[in-house]
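*Asks:* The following block contains the structure, expressed as structure tokens.
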Amino acid sequence: MKSIWNWFIHPTVNTPRAIILIRFMAGTVFLWEGIMKFVFVNQGVGRFTKLGIPFPVFSATFVGWLEIVGGSLLIVGFLTRAIAVPFIIEMIVAILSTKPRLYLGTFPLPLPPVPPQTGFWAVLHEVRSEYAQMVCSLFVLITGPGPWSIDAWLNSKDVRQ
């Protein structure tokens, strides 16, 4: 159990510096999506209500704050692996709560403006954002935050002491 904890808290940082690009891309998308859940009702509580998500006010608020705080943590590379886990779970839930109904043509939100609007190809087209966010989070979970991160800086301070 201690080794798992160390893997999360003291990640390997001798990975390519370019990982910052993946962290920045995923983190900024989570950050602005979280903000939009509060700015636009149709992106937060309204969307969660139409999708039938339980406790939509609580759920939208929780997810919004998770995305704002977690996106910021991902950008700066602090608790990087720890925040990647709920983001992976969130994207799986987002896919499972929307894409099967899009496939079946029973999606409660407006359909894509142009064909394909339902079925396999519509799902592939509409899943791109969740898929990219999930894979980026999985990548960061596996590789760690990289050397340009707060995690790396804290790790180097631990080594010096």
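*Asks:* Could you name the aspartates and glutamates in cross-link range of residue 99, using Cα to Cα under 13 Å and dropping any fewer than eight places away on the same chain?
*Replies:* 126, 130
*Asks:* Taking amide hydrogens as modeled 1.01 Å from N in the peptide plane, which residues meet the under 5 Å criterion relative to residue 79, leaving out close sequence neighbours?
*Replies:* 151
*Asks:* About its Cα centre, how strong a charge dipole does the stretch 35-161 have in debye, to the nearest 20, once Lys and Arg get +1 and Asp and Glu get -1 at the Cβ?
*Replies:* That gives the stretch 35-161 a dipole magnitude of about 120 debye.
*Asks:* Considering all alpha-carbon pairs of the stretch 16-149, what whole percent are spaced by more than 23 angstrom?
*Replies:* 36
*Asks:* To continue, here is another question. Got a sec? Charge dipole of the chain, +1 on Cβ for Lys and Arg, -1 for Asp and Glu; which of 58, 6, 111 is way out at the positive end?
*Replies:* 6
*Asks:* For the chain, what does -39500 (n - 2.57) per DSSP helix run (n ≥ 4), summed and divided by total residues, give at 222 nm, in deg cm²/dmol to the nearest 500?
*Replies:* -23500 deg cm²/dmol
*Asks:* Please work out the C-alpha center-to-center distance from the stretch 84-123 to the stretch 33-68 and express it in whole Å.
*Replies:* 16
Bear in mind these aren't lab numbers, they're just calculated from the coordinates by the rules spelled out. Because the structure is a prediction, the values reported are computed rather than measured. Neighbour counts run over all protein chains shown; Cβ positions are idealised from the backbone, glycine included.
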